[in-house]
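The values are calculated or read from the model by the stated rules, or taken from the named source; none is laboratory data. All of these numbers come straight from a predicted model, not from anything done at the bench. Note that each Cβ is placed from the backbone with ideal geometry, even for glycine, and that neighbours are counted across all protein chains shown. SASA here: full protein model, heavy atoms, side chains in, ligands and nucleic acids out. Shrake-Rupley method; radii C 1.70, N 1.55, O 1.52, S 1.80 Å.
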Amino acid sequence: MTIVKLMLLILPILFGEGEQDMRAAILVSLAVLVPSQARGDIAFVQKLWEFVPVVQISQGNAASCASNRIVWVGSMRMNDAIGMASFPKAGGPGGEGLCYRRTLYPFTQNSELGPWVRCPTSGVCEID
């Protein structure tokens, strides 16, 4: 289901079905759907490993991913996804870059973290 279809289903429930209500719904829809420089369209997904104990995501404009601030740390199961809503000001024109690194050997206890990987500025950043 696309985001547009989902919004068409949810907005009347949230805002009602009157003319004034629909104007508010349209404004909310435009704010969500119209791309801006303050938000990219990047999602992080992990499809390769059954479980990754540690994933770190950094965000910033430094040339080295390690020099950017850490904005997310957690574990991920297979097919988990972290949506773009978690990363304001990332991606898109003029936005900040996103990078990730993960447990190097997910099946080995106390494995160190692997190297940083820079993500694309839009679309999906697949953690492999």
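When you look at Ala43, is it at negative phi, loosely packed, with under 14 Cβ neighbours inside 10 Å and either not basic (Lys, Arg) or not in a strand (DSSP E or B) (or both), yes or no?
Numbers: at negative phi: yes; loosely packed, with under 14 Cβ neighbours inside 10 Å: no; either not basic (Lys, Arg) or not in a strand (DSSP E or B) (or both): yes.
Answer is no for this residue.
So in segment 69-127, with the set limited to residues that are in contact with a strand residue (DSSP E or B) (Cβ under 9 Å, 6 or more places away or on another chain), open to solvent by 20 Å² or more (accessible area, probe 1.4 Å) and hydroxyl-bearing (Ser, Thr, Tyr), which one is farthest from Ile42 (Cα to Cα)?
Among those that are in contact with a strand residue (DSSP E or B) (Cβ under 9 Å, 6 or more places away or on another chain), open to solvent by 20 Å² or more (accessible area, probe 1.4 Å) and hydroxyl-bearing (Ser, Thr, Tyr), it is Ser111.
For a quick check of your reading of the model, give me the residue pairs whose first member lies in segment 105-128 and is within 23 Å of Pro93 (Cβ to Cβ) and in contact (Cβ under 8 Å) with a residue 40 or more places away in the chain, whose second is among the basic types (Lys, Arg) and part of a loop (DSSP other than H, G, I, E, B), with beta-carbon atoms closer than 9 Å and at least 6 apart or on different chains.
Once the first residue is within 23 Å of Pro93 (Cβ to Cβ) and in contact (Cβ under 8 Å) with a residue 40 or more places away in the chain and sits in segment 105-128, its partners that are among the basic types (Lys, Arg) and part of a loop (DSSP other than H, G, I, E, B) give Glu126/Lys47.
Step by step: first the residues of segment 54-68, then only those that are among the aliphatic types (A, V, I, L, M) and under 23 Å from Thr108 (Cα atoms), then the one that is surrounded by the fewest Cβ atoms within 10 Å (Cβ to Cβ). Which residue is that?
The first filter runs over segment 54-68 and keeps only residues among the aliphatic types (A, V, I, L, M), leaving 54-55, 57, 62-63, 66.
Checking which are under 23 Å from Thr108 (Cα atoms) leaves us with 54-55, 57.
Details: Val54: 17, Val55: 20, Ile57: 25.
Step by step, filter segment 54-68, then rank; the result is Val54.
When residues of segment 64-110 are filtered for being among the polar types (S, T, N, Q), modelled with pLDDT under 95 and assigned to a strand (DSSP E or B), how many remain?
Adding up the residues that qualify gives 1.
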